[in-house]
Amino acid sequence: MTVPHVGDWRLPSPACFAVIGQSSTGKSTLIAKLIEDASVWQKRPNNVVYSGPVVKRTSKYIEDLEANCARQGMRFIYHEDFADVKAVQSLVGEKVPVILILDDVQVWSKHYKVDQECSKMLTAASHHDNITVFFVIHNPYHPSFGDVNNNVRGRFLMYQNSDWNKYQIMSNRMYGRGGGDFLKYCLTRAMEEYNLNYVYINVDPRAKYPTRYNCYTGILKMEREKHCNSPIVFDLFNYDKK
């Protein structure tokens, strides 16, 4: 369903976002589409830094991402090591607007003590140094990433076929009693009715719309054009709890 007058749903920048889902659920593909689509941003940065321990520089995904950035006049940088605040600033300059993709954060954590740097990017670095971060993670409730779960401005959840428990925990924490299955409902409906594999939860505390209207899908331009040029918005108070 679409709901009018829900405020500006577009992605702010600088800000931090979590992209959550199991392997092969489409996290990296979704991020690439978000970067390419300027219409989903309030003001999109023109620099992109990718930092991932698994995807190689020569992979097709990186080559396509770099090519798509170039077509839109965006600068793309592949960073081989974990990109902390200092690394990002050395690559693009201080306070230069940049999108940082921290892919497979939990894999990085096996080799680096990333929790402190992640916390830094979620607070001062994000707002004061113009760094917009996508934290790509499997488990938002991993002990090392409490700050990632608690301080992001938005969460992208990917549809999955198993282990809904983590999403149920998140749903209970966000929507309270009676809302434990809401996120599963949103993801299932997004997939089955609209063939979309994600929902976006806007958790900005300054949002100017009712809390029940903060779960979306279909935010990309080509998706919106199929549905009255508006995101598909799910309403907590009207979903079928059965």
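Would you confirm, using the coordinates I've provided, whether Thr217 is of a type outside the set (A, V, I, L, M, F, W, C), open to solvent by less than 10 Å² (accessible area, probe 1.4 Å) and either in contact with a Lys or Arg (Cβ under 6 Å, 6 or more places away or on another chain) or modelled with pLDDT of 85 or more (or both)?
In short, yes.
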Q. Since Trp41 meets every condition but one in (1) under 17 Å from the mean Cα position of the chain (by Cα); (2) at pLDDT below 90; (3) of a type outside the set (Val, Ile, Thr), which condition does it not meet?
A. (2)
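A quick yes/no check of all residues on (1) at pLDDT below 90; (2) part of a helix (DSSP H, G or I); (3) surrounded by fewer than 16 Cβ atoms within 10 Å (Cβ to Cβ):
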{"site": "Lys120", "(1), (2), (3)": "yes, yes, no"}
{"site": "Ala125", "(1), (2), (3)": "yes, yes, no"}
{"site": "Thr132", "(1), (2), (3)": "no, no, no"}
{"site": "Pro140", "(1), (2), (3)": "yes, no, no"}
{"site": "Met170", "(1), (2), (3)": "yes, yes, no"}
{"site": "Gly179", "(1), (2), (3)": "yes, no, no"}
{"site": "Glu192", "(1), (2), (3)": "no, yes, yes"}
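Test Val48 against the stated conditions and say whether it is in a loop (DSSP other than H, G, I, E, B) and touching a helix residue (DSSP H, G or I) at 6+ places or on another chain (Cβ under 7 Å).
Values: in a loop (DSSP other than H, G, I, E, B): no; touching a helix residue (DSSP H, G or I) at 6+ places or on another chain (Cβ under 7 Å): yes.
No, not satisfied.
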Q. Does the stretch 70-103 hold any residues that are closer than 27 Å to Thr123 by Cβ, without any contact (Cβ under 8 Å) to a residue 40 or more places away in the chain and not charged (D, E, K, R), and which are they?
A. Met74, Phe76, Ile77, Tyr78, His79, Phe82, Ala83, Ala87, Ser90, Gly93
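Inspect all residues belonging to the stretch 57-68 and state whether any of them is open to solvent by 20 Å² or more (accessible area, probe 1.4 Å), β-branched (Val, Ile, Thr) and in a loop (DSSP other than H, G, I, E, B). Quick ask: steps written out before the conclusion?
Going through the stretch 57-68, the residues open to solvent by 20 Å² or more (accessible area, probe 1.4 Å) turn out to be 57-61, 63-64, 66-68.
Going one step further and asking which of them are β-branched (Val, Ile, Thr), we end up with 58.
Of the ones still in play, those that are also in a loop (DSSP other than H, G, I, E, B) are 58.
There is at least one residue in the stretch 57-68 that is open to solvent by 20 Å² or more (accessible area, probe 1.4 Å), β-branched (Val, Ile, Thr) and in a loop (DSSP other than H, G, I, E, B).
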(Q) Just to be sure I understand the filter: pairs with C-beta atoms under 9 Å, separated by 6 or more residues or on different chains, first member in the stretch 230-242 and open to solvent by 100 Å² or more (accessible area, probe 1.4 Å), second member modelled with pLDDT of 80 or more. Which pairs pass? (A) Asp240/Tyr185; Lys241/Asp181; Lys241/Phe182; Lys241/Tyr185
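Among the residues that make up the stretch 52-60, is at least one of them farther than 24 Å from Met158 by Cα and not polar (S, T, N, Q)? First the steps, then the outcome.
First, pick out the residues of the stretch 52-60 that are farther than 24 Å from Met158 by Cα: 57-58.
Filter again for not polar (S, T, N, Q), leaving 57.
Yes, some residue in the stretch 52-60 is farther than 24 Å from Met158 by Cα and not polar (S, T, N, Q).
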**Q.** Every pair of residues 6+ apart whose Cβ atoms lie under 6 Å, when the first sits in the stretch 180-196 and is of a type in the set (Lys, Arg) while the second is open to solvent by 10 Å² or more (accessible area, probe 1.4 Å) and part of a loop (DSSP other than H, G, I, E, B)
**A.** Lys184/Trp164
Q: Collect the residues in the stretch 194-214 that are assigned to a helix (DSSP H, G or I), out of contact with any Phe, Trp or Tyr (no Cβ under 6 Å at 6 or more places or on another chain) and at pLDDT below 85, keeping them in residue-number order.
A: Thr211, Tyr213
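Here is a yes/no grid of residues against (1) open to solvent by less than 30 Å² (accessible area, probe 1.4 Å); (2) more than 27 Å from Asn150 (Cβ to Cβ):
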{"position": "Arg10", "(1), (2)": "no, no"}
{"position": "Lys27", "(1), (2)": "yes, no"}
{"position": "Gln42", "(1), (2)": "no, no"}
{"position": "Val48", "(1), (2)": "yes, no"}
{"position": "Gly52", "(1), (2)": "yes, no"}
{"position": "Ala70", "(1), (2)": "no, yes"}
{"position": "Phe76", "(1), (2)": "yes, yes"}
{"position": "Lys86", "(1), (2)": "no, no"}
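The values are calculated or read from the model by the stated rules, or taken from the named source; none is laboratory data. Note that the structure is a prediction, hence the values are computed from the model and not measured. Neighbour counts run over all protein chains shown; Cβ positions are idealised from the backbone, glycine included. Please note that ligands, DNA and RNA were not included when accessible areas were found on the heavy atoms of the full protein model with its side chains. Shrake-Rupley method; radii C 1.70, N 1.55, O 1.52, S 1.80 Å.
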